[in-house]
1. For the range 1-113, what does the convex hull of the Cα positions come to per residue, in cubic angstrom?
2. Between L148 and A102, take the C-beta separation as r, use R0 = 25 Å, and let me know the FRET efficiency to the nearest 0.05.
3. What FRET efficiency would be calculated for the residue pair T264, A321, taking the C-beta separation as r and a Förster radius of 35 Å, to the nearest 0.05?
4. Can you pull the percent of Cα pairs in the range 69-197 with separation above 19 Å?
5. In deg cm²/dmol, rounded to 500, what helix-only [θ] at 222 nm does the chain give when every DSSP H run of at least 4 residues adds -39500 (n - 2.57) and the total is split over its residues?
6. Quote the relative contact order of the chain in percent (integer), defining contacts as alpha-carbon pairs under 8 Å separated by 6+ residues.
7. Efficiency by 1/(1 + (r/R0)^6): what FRET value for E405 and E162, r their Cβ-Cβ distance, R0 = 56 Å, to the nearest 0.05?
8. Report, ordered by chain and residue number, the lysines lying within cross-link reach of K318, taken as a straight Cα distance under 26 Å and ignoring same-chain residues fewer than 8 apart.
Amino acid sequence: MKIYTVGGAVRDELLNLPIVDRDYVVVGATPHEMIEAGYRPVGADFPVFLHPVTHEEYALARTERKTAPGYKGFVFHAAPTVTIEEDLLRRDLTINAMAKDAHGTIIDPYGGRADIHHKLLRHVGEAFREDPVRILRTARFAARFTPLGFTLAPETLELMREMVAAGEVDALVSERVWQEIARGLMEDKPSAMFNVLREANALLKLMPEIDKLWGVPQSKNSHPEIDTGVHVMMVLDVSAQTKMSLSVRFAALTHDLGKGVTPTQYLPRHPGHEEKSVALIEALSARLKVPMECRELAITVARWHGQIHSALTLNAEKLLALLDGGDALRRPQRFTDVLDACACDHHGRLGYESSPYPQKPYLLRALSALQAIDFGAVAKAHPQTVADAMASTKFYALQTFIEEENKT
């Protein structure tokens, strides 16, 4: 029995990056021998075991054979005769296809160290084309490693295009697509993931609402970058640079979806794009089974970001409509997330990267003015007209707030 550290732990050690978790492959053992040694079996599709002390996962070395379309169409073969080189051959990228033995020796049969040196994301072999999830994984790794200078090997991009043309992406289930997209959104350069998917012609298949944004012009006065797709990627990267949550990053990605369907006669203006964005977010979220908290925040941002950008000029009536529409009183933390997404939208434009965004603190102060109201006393004083009394009290509180703000 030989135990190897494999995959990301080896790669990240060579890159001098923090090692988040370790994966292990066991060569020369049977399931019975693993159980006898105290390991607990957990694998459903192939033999995986939990270490009796550390509870880390140890998988028996295995090979795989494609038997049907899609990412589930595989038969796995695990046996003591499977070598570490055979196990590594089935992996996606060369930088993930290295192992380290108990003595610290690196096993690198497919050039992973050289590709780390040359900063290349390159597929291991022809087996890559058998699993469409690897298109998503490669795009996700681009989001992680592009800031380190990595690029996608041209032959790997061409292979991904061939897979898309062959319909492999069509077999992906929504849950797995969202899982990889969500992980990519949380990387340091999420725009790189969408750029790779777009170059591979996979974005059009997986998220056509996003793909449509490129080539759509906006007014150069407010958007010097002009192209909507470029703008949305800038906004997304700002959300990553400022360490926003997954929900805020998804809202940054989807806030302008409606601009992708603006009739050409209106361009570069986009009248009514906010409500169009809402409908497209609902459709996209339902198709990919996006979690509700991501979906709700994205819809709120899409619907209200125009009003939020104009907050400093709103009268009391419109300011109240915005705060009520954003559910600010009942969900103040979510409203703060909405404002964070809008700040990313502001900064995600050429020349606006470091410009101030006073709308956020202004609206938080407006919310504080409403939070200071004793709503219990208002209800007690107007038991027959509670709703009207609440609305008028909030209106006058905001009117007073605006007057005070104008003084300062």
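The numbers here are math on the coordinates, done by the rules we state, and not lab data. Keep in mind it's a predicted model, so treat the numbers as computed, not measured. Please note: Cβ atoms are built from the backbone with ideal geometry, for glycine as well, and neighbour counts cover all protein chains shown.
1. Cα convex hull per residue, to the nearest whole number: 113 Å³.
2. Numbers: r = 29 Å, r/R0 = 1.16.
Working from the Cβ atoms, E equals 0.30.
3. Given R0 = 35 Å and the Cβ-Cβ separation, E is 0.65.
4. Numbers: 4343 of 8256 pairs.
When every Cα pair of the range 69-197 is considered, 53 percent fall beyond 19 Å.
5. Numbers: 19 runs with 206 residues, N = 408.
After summing the helix terms and dividing by residue count, I get -15000 deg cm²/dmol.
6. About 10 percent, as a whole number.
7. Result of the calculation: an efficiency of 0.40.
8. K259, K276, K360, K394, K407
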